[in-house]
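The values are calculated or read from the model by the stated rules, or taken from the named source; none is laboratory data. Note that the structure is a prediction, hence the values are computed from the model and not measured. Every residue, glycine as well, gets a Cβ built from its backbone with ideal geometry; the counts of neighbours run over all protein chains shown. Side chains included, ligands, DNA and RNA excluded: accessible areas come from the protein's heavy atoms. Shrake-Rupley method; radii C 1.70, N 1.55, O 1.52, S 1.80 Å.
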Amino acid sequence: MVAKITKYGYVFKTSMMDAMVYLLDFFGRSGFFAFILGVYLLLWKNIYGSGDGLIEGFSLNMMIWYLVMTEIVTLSTTNYYKEVAADVKTGNIAYLLNKPYDYILYSFANNMGKITIRIFVNIIVGGGVGLLLVGIPNWVNVWTLPLILFSIVMGIAINFFVNFSLALTAFWVEENSAFQWIYQKLVFTLGGMLLPLELFPEWIEGFSKHLPFAYITYYPGKLFVDFSGDLFVQVMTGQLIYLILAVFICYGVYMKGVKGLNVNGG
């Protein structure tokens, strides 16, 4: 067990070191991140007007910082969906099955190494833009930041296994990119990436807060701007349940696809 953890830990470390070679490229790409936040600020400044009022419990400062956090989660992902789908479509996965590692765990460790660097870059860029645009988030307690970061990582892990499951549908569907497109749009909307769920009609807000999409983007952002112990426990419980479910589904789809591959002599 220790040897397995060490093996995937080495994959994670190697992937992270490789990603650091392109650190300046990541900072360059984050210019788009800064541009998005600038547009959001102009939009929300016009909505809030000259006052310092609240909209559904969010001040302008809270709204911008909420969007910073949801964008960090979304923009820190890698393009593993296409990589996995390509492995299946080209038959390359048949060769990878003979390697001395679990294909899913290897992909997870490899991509989390890259994602870690992206999170680091996006936090620096997003935090810098947020400070420049609306100032210090004075509600943040430095002791809660590690808990919020852990929630971000949990959300990204859920997103990984859901995306991986969808990518594995390439075992049965030749062109499966539409699944990812639909899933991304659900994260953008029902996941609260573009708007806090409080701004939706009550009936949409009500069920959206219980969906996995919200635990990927909405709740990490909500924790950052409105942290409480009760909310953290709720978020951790929901994220843990959805992570276990996503891993279970991912391995179920994978094993069924590999079984079909072996039966057909792939």
- Query: What aspartates and glutamates sit close enough to K45 to cross-link, taking a C-alpha to C-alpha distance under 17 Å and skipping anything fewer than 8 places away on the same chain?
  - Reply: E56
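Where nothing but the Cβ of Lys and Arg (+1) and of Asp and Glu (-1) is charged, how large is the charge dipole of the chain around its Cα centre, in debye to the nearest 20?
On the way: 15 positive and 15 negative charges, 166 e Å.
Using Cβ point charges on Lys, Arg, Asp and Glu, the chain gives about 800 debye.
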- Message: If I fit a long axis through the Cα atoms of helix 80-90 and take the longest principal axis of the Cα atoms of the chain, what angle between them do I get, 0 to 90°, rounded to 10?
- Response: 20 degrees
- Message: Testing the spin-label approximation: label points 7 Å from Cα along Cα→Cβ at E202 and L186. State their distance in nm.
- Response: 2.6 nm
- Message: Give the separation of the Cα centroids, the range 94-137 to the range 20-49, in Å.
- Response: 18 Å
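Mean separation of Cα pairs under 8 Å and 6+ residues apart, divided by the residue count of the range 180-266: what relative contact order is that in percent? Display every interim value, and only then the final one.
Numbers: 46 pairs, mean separation 18.7, N = 87.
For the range 180-266, the relative contact order is 21 percent.
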- Which of L105, L186, L147 moves most in a GNM of the chain, Cα contacts under 10 Å? L105
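Just to confirm, what accessible area per residue do you get for the range 1-157 at 1.4 Å probe, in whole Å²? Write down the numbers at each step before the final one.
Numbers: 8430 Å² over 157 residues.
In whole numbers, the range 1-157 has 54 Å² accessible per residue.
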- Cα long-axis angle, helix 23-48 against the chain (0 to 90 degrees, to the nearest 10): 40 degrees
- Message: For the range 124-206, which GluC sites (Glu not before Pro) pass both filters: DSSP loop (anything but H, G, I, E, B) and at most 15 other C-beta atoms within 10 Å?
- Response: E174, E175
- Query: Where the accessible area of the range 84-220 is counted over protein heavy atoms with a 1.4 Å probe, how much of it, in %, is carbon and sulfur?
  - Reply: 70 percent
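Mean separation of Cα pairs under 8 Å and 6+ residues apart, divided by the residue count of the chain: what relative contact order is that in percent? Each step should come with its number before you reach the end.
Details: 275 pairs, mean separation 71.5, N = 266.
Averaging sequence separation for qualifying contacts and normalising by length gives 27 percent for the chain.
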- The helix 229-263 Cα axis meets the longest alpha-carbon principal axis of the chain at an angle in degrees, between 0 and 90 and rounded to 10, of 20 degrees
- Residues of type lysines that K82 reaches as a straight line, Cα spacing below 26 Å, ignoring anything fewer than 8 places off in the same chain: K7, K13, K99, K114, K185, K256, K259
- Out of T237, T74, T217, a Gaussian network model of the chain with alpha-carbon springs under 10 Å gives the largest mean-square fluctuation to T237
